[in-house]
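Some notes on the structure that comes next.
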Amino acid sequence: MEIKITTLSENTANHGFLGEWGLSMLVEADGKKILVDTGMGTSATHNADILGIDLAEIDCIVLSHGHIDHTGGLGHVLKRRKETEIIGHPDIWISRYARRSPANVQFIGMPFTQEELEASGARFKFSREPVAITNHIITSGEIEMLTDYETIDDNLLIKESGTFQPDRLADDLSLIINAEYGLVVILGCGHRGLVNTIGQAQKLTGNKRVYAVIGGAHLKYASEERIEKTIADLKKIGVHKLGASHCTGFAASARLAQEFPESFFLNNAGTRLTLPES
Ligand SMILES: [Fe+2]
Ligand SMILES: [Fe+2]
């Protein structure tokens, strides 16, 4: 199976493209065009225009979670379309915050109401379980947290009855493609853990072979110990291509580049991949 992955929005950009904090990737595989996330603002639509990609042609949108840097571009994307199926977890609507410092807590949740998006053509399909898009492409559903070192960033919060509480990020999901040459796992922020997410993909498909993992791994604020344990587990799993984006962070990306020189690459706005590589 040929898989094309085009990164439309990312924190940093290749020459000529617009960089913006967030993530959006177009995945073309098994006869479908699937937009995973929409970035935070105008970068996904802007960069799609530069690449000559017509967003009116996509089959569905998958939202990896409700954070604004993955959902904020929805308004711009929906303007290019009539009706759009959007697959996500029901918790994408939870009111979300990030603690930037003890005195600075910032809203980072979905910036639209469901009604606003539905008026613009969104047709939501909510599920806590995996959703099959084709026989070979599924969403992860809620990701089981099985490793003992992958925890959710404790500066990510929800507001409940006026008080801030830790965010479980139950809506964090990934897109999994089960190709004959191995799994291709597309991450949003990987809030529930990079290794946990790969484990979920292996469990759901029964396929242990991992060809590519691409996207945000939320290691930007991770301890050195967590980064080293992640590297050790990735070596056991064996990943042919490892594309770091967005919240993976510089220190973790540098360590991954050092440990996986053959497979590592920075996946930025404007990056176009065709898998498997020849
Ligand atoms: Fe993010
Ligand atoms: Fe996030």
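Summed over qualifying helices (DSSP H, 4 residues or more, each -39500 (n - 2.57)) and divided by its residue number, the chain shows a 222 nm mean residue ellipticity of -6000 deg cm²/dmol.
How large, in percent, is the carbon and sulfur part of the accessible surface of region 50-145 at a probe radius of 1.4 Å?
47 percent
Between THR134 and ARG80, residue separation times 0.36 nm minus the direct Cα-Cα distance comes to 17.0 nm. The rule of thumb for compact globular proteins, 2.2 N^0.38 Å, goes into the C-alpha radius of gyration of the chain 0.93 times. A cut-off under 11 angstrom between Cβ atoms defines the neighbours of LEU187, and their net charge, with Lys, Arg +1 and Asp, Glu -1, is -1.
Evaluated at q = 0.30, 0.32 Å⁻¹, a Debye calculation over the C-alpha positions of region 166-205 (equal weights, vacuum) places log10 I(q)/I(0) at -1.08, -1.17.
Comparing ILE3, LEU35, LEU173 along the charge dipole axis of the chain, the residue lying farthest to the positive side is ILE3, per the Cβ-charge model. I want to verify the translational diffusion coefficient of region 24-128 in µm²/s; compute it with Stokes-Einstein, Rh as the Kirkwood radius over Cα pairs, at 37 °C and 0.692 mPa s. Answer from the Stokes-Einstein relation: 232 µm²/s.
Size of the dipole of region 129-262 about the Cα centre, Lys and Arg at +1 and Asp and Glu at -1 on the beta carbon, nothing else charged, in debye to 20? Working shown, then result.
On the way: 13 positive and 18 negative charges, 81 e Å.
I would put it at about 380 debye.
Accessible surface calculations at 1.4 Å, restricted to protein heavy atoms, place the chain at 42 Å² per residue.
Using Cβ point charges alone (K and R +1, D and E -1), the dipole size of the chain about the Cα centre works out to roughly 140 debye. Distance between the modelled labels on ILE50 and GLN165, one decimal in nanometres: 4.2 nm (7 Å Cα→Cβ projection). With all projection directions averaged, the alpha carbon convex hull of region 199-278 covers 5.6 nm².
Per the Kirkwood definition applied to all pairs of different Cα atoms, how many angstroms is the hydrodynamic radius of region 123-275? For region 123-275, inverting the mean 1/r across all distinct Cα pairs yields 16.0 Å. Our summary of shape: the Cα atoms of region 68-166 have principal axis extents of 43, 32, 22 Å, ordered from largest down, in whole angstrom.
For region 104-162, what class follows from the C-alpha gyration tensor (a ≥ b ≥ c being the square roots of its eigenvalues): rounded when a/c is under 1.5, otherwise prolate if a/b is larger than b/c, else oblate? Judged from the Cα gyration tensor, region 104-162 comes out oblate (a/c at least 1.5, b/c at or above a/b).
A Gaussian network model of the chain, with springs between Cα atoms under 10 Å, assigns the largest mean-square fluctuation among GLY193, GLY182, GLY162 to GLY162.
For ILE53, the shell of other residues with beta-carbons less than 14 Å away shows a net charge of 0, using +1 for Lys and Arg and -1 for Asp and Glu. With contacts taken as Cα pairs under 8 Å at a separation of at least 6 residues, the chain carries a relative contact order of 19 percent. Other residues within the sphere of radius under 12 Å centred on the Cβ of LEU242, judged by their own Cβ, net out at +1 (K and R +1, D and E -1). With the convex hull of the Cα atoms taken as the outline of region 81-134, the averaged projected area works out to 5.3 nm².
The values are calculated or read from the model by the stated rules, or taken from the named source; none is laboratory data. Fair warning: this is a prediction, and the values are worked out from it, not measured in the lab. As a convention, Cβ positions derive from the backbone with ideal geometry for all residues, glycine included, and neighbour counts pool all protein chains shown. Areas reflect the complete protein model, heavy atoms only, side chains present, ligands, DNA and RNA absent. Shrake-Rupley method; radii C 1.70, N 1.55, O 1.52, S 1.80 Å.
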